[in-house]
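The values are calculated or read from the model by the stated rules, or taken from the named source; none is laboratory data. Being a predicted model, the structure only gives us computed values, none of them experimental. As a convention, Cβ positions derive from the backbone with ideal geometry for all residues, glycine included, and neighbour counts pool all protein chains shown. The area values use the complete protein model at the heavy-atom level, side chains included, leaving out ligands, DNA and RNA. Shrake-Rupley method; radii C 1.70, N 1.55, O 1.52, S 1.80 Å.
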Amino acid sequence: MAKVIVVTSGKGGVGKTTSTAALGAALAQRGEKTVVVDFDVGLRNLDLVMGAERRVVYDLINVVQGDAKLSQALIRDKRLETLHLLPASQTRDKDNLTAEGVEKVIDELRKTFDWIICDSPAGIERGATLAMRHADTAVVVTNPEVSSVRDSDRIIGLLDAKTKKAENGERMEKHLLLTRYDPTRAERGDMLKVDDVLEILSIPLLGIIPESMDVLRASNLGSPVTLADAACAPALAYRDAARRLAGEQVPMTIPGERRGFMNKLFGRRAA
Amino acid sequence: MSLFSFLNRRSSAPMARERLQVLLAHERAQVGHSDLVGLLREEILAVIARHVQLDQDKVNVTMQRGENVSTLEVDIEIPVTASVRAA
Ligand SMILES: Nc1ncnc2c1ncn2[C@@H]1O[C@H](COP(=O)(O)OP(=O)(O)O)[C@@H](O)[C@H]1O
Ligand SMILES: [Mg+2]
């Protein structure tokens, strides 16, 4: 059965788009039909991170307004045939996105895809609530930093109030994805610890993604980090997170905590 | 940064954690609060409007949170000329 995931955070720049692309590609690599949907109308970026910016013809709003068929707007990934992108509009007014229109598109996507991953815009306004409205599961992207944690708390409140699931009295499944985690800063005690964030937000942990140049490099190349370099640390962390999303039990590793003593010694000196 | 201040410097994460815990406890209570009062106001209005014509702006619902008990205050102004609807 199709599963609709919203990748959300409240705060901007925490890694929602990066995570949508990476998780989408990791799920598609499992052979499951996956579509990543950009809800960030006016500030679309998912097409860039996916390396499909020159292939966009129609977008979500065209489909919502009936100017294009869903099949015309969907872009199939060049690397993975199970991976698709539904881009956002760059120029149109975001007021064209209606709750009913979005529902129709999501219902249609449910018929053909196993995973529908919605990349939410920042904020707590209409764009963000539309992106989460039809989700079965939420991935709350959070950085170990005070303002990001506070905004995630607001978003968790919205997920429990403004979604279809919440309105029907059902429980909204929520997962915490801790991104841009810096082991050196954590060791120095200048970054919130994983346990601190978990205790404050009290939702289950989906994964911890380390801060890494590999993420930047992947987006420069226009490739989800899980495809750009399958062996790099953030790719491994995203792949584990995708497996957990799919219901597998995967042991959690905190970045940096597997380093040996010598490594730690030198790592500390370098910091 | 001198060696002395480096040795004296306490890590900042525990402070972040503490501030967040206090702040979020406060913000969560506020959100729950305003939602509840808004809901009560709407439903009370609907019930009364079934029987009396009301000016929506003349309905005040406030909640006072105390340590042990909270009180709900409902203040509704009904004009003398209001037409009373048959029940
Ligand atoms: N784990 C990471 N390590 C390093 N840089 C990252 C990481 N995750 C995201 N970034 C960078 O942070 C910036 C914002 O990420 P993005 O995914 O666009 O956030 P959002 O969609 O939440 O606004 C981008 O430049 C991205 O490359
Ligand atoms: Mg984004």
Inset, instruction - Please list A:Tyr181, A:Tyr58 in order of solvent-accessible area, largest first, computed with a 1.4 Å probe with all protein chains present. - result: A:Tyr58, A:Tyr181
Legend entry - Note, ³J(HN,Hα) from phi for segment A:62-68, Karplus 6.51, -1.76, 1.60, rounded to Hz, x at Gly and Pro: 4, 6, 4, 7, x, 7, 8
Legend entry - Along principal axes, Cα extents of segment A:125-271, largest first, whole Å: 54, 32, 30
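How large is the charge dipole for the protein assembly as shown, taken about the Cα centre, if only the Cβ atoms of Lys, Arg (+1) and Asp, Glu (-1) carry charge, to the nearest 20 debye? Mind dumping the intermediate values first?
Details: 49 positive and 49 negative charges, 261 e Å.
Computed about the Cα centre, the dipole is about 1260 debye.
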Inset, instruction - Go from 0 up to the bin containing the longest alpha carbon distance in segment A:1-101, width 10 Å each, and give me the % of pairs per bin. - result: 15, 48, 33, 3
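Name the shape class, rounded, prolate or oblate, that the alpha-carbon gyration tensor gives for segment B:17-79, where a ≥ b ≥ c are the square roots of its eigenvalues, rounded holds for a/c under 1.5, and otherwise prolate holds if a/b is larger than b/c and oblate otherwise. Display every interim value, and only then the final one.
On the way: a/c = 3.85, a/b = 2.75, b/c = 1.40.
The shape class here is prolate.
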Inset, instruction - Just the number, please: buried accessible area between B and A, total of both chains, 1.4 angstrom probe, nearest 100 square angstrom. - result: 1300
Legend entry - Charge dipole magnitude, Cβ of K and R +1, D and E -1 - segment B:17-79, Cα centre, debye nearest 20: 260
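Please report the orientation-averaged projected area of the protein assembly as shown, defined via the convex hull of its C-alpha atoms, in nm². It would help to have the intermediate numbers written out before the result.
Values: hull surface 101.1 nm².
Value for the protein assembly as shown: 25.3 nm².
Would you calculate the volume per residue, in Å³, of the smallest convex hull containing every Cα atom of segment A:35-174? Provide the component values of the computation, followed by the final result.
Numbers: hull volume 16.5 nm³, N = 140.
Measuring per residue, one finds 118 Å³ for the Cα hull of segment A:35-174.
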Inset, instruction - From other protein chains only, count the Cβ atoms within 10 Å of every residue's Cβ in A:26-39, then give the mean. - result: 0
Legend entry - Most to least packed among A:207-220, B:48-61 [average Cβ atoms within 10 Å]: A:207-220, B:48-61
Inset, instruction - Mind putting a number on the dipole of segment A:155-259 about its Cα centre? Charges go on the C-beta only, +1 for Lys and Arg and -1 for Asp and Glu, and I need it in Debye to the nearest 20. - result: 200
Inset, instruction - Set Lys and Arg Cβ to +1 and Asp and Glu Cβ to -1, take the dipole of segment B:17-79 about its Cα centre, and tell me which of B:Val22, B:Asn60, B:Leu72 lies farthest positive. - result: B:Val22
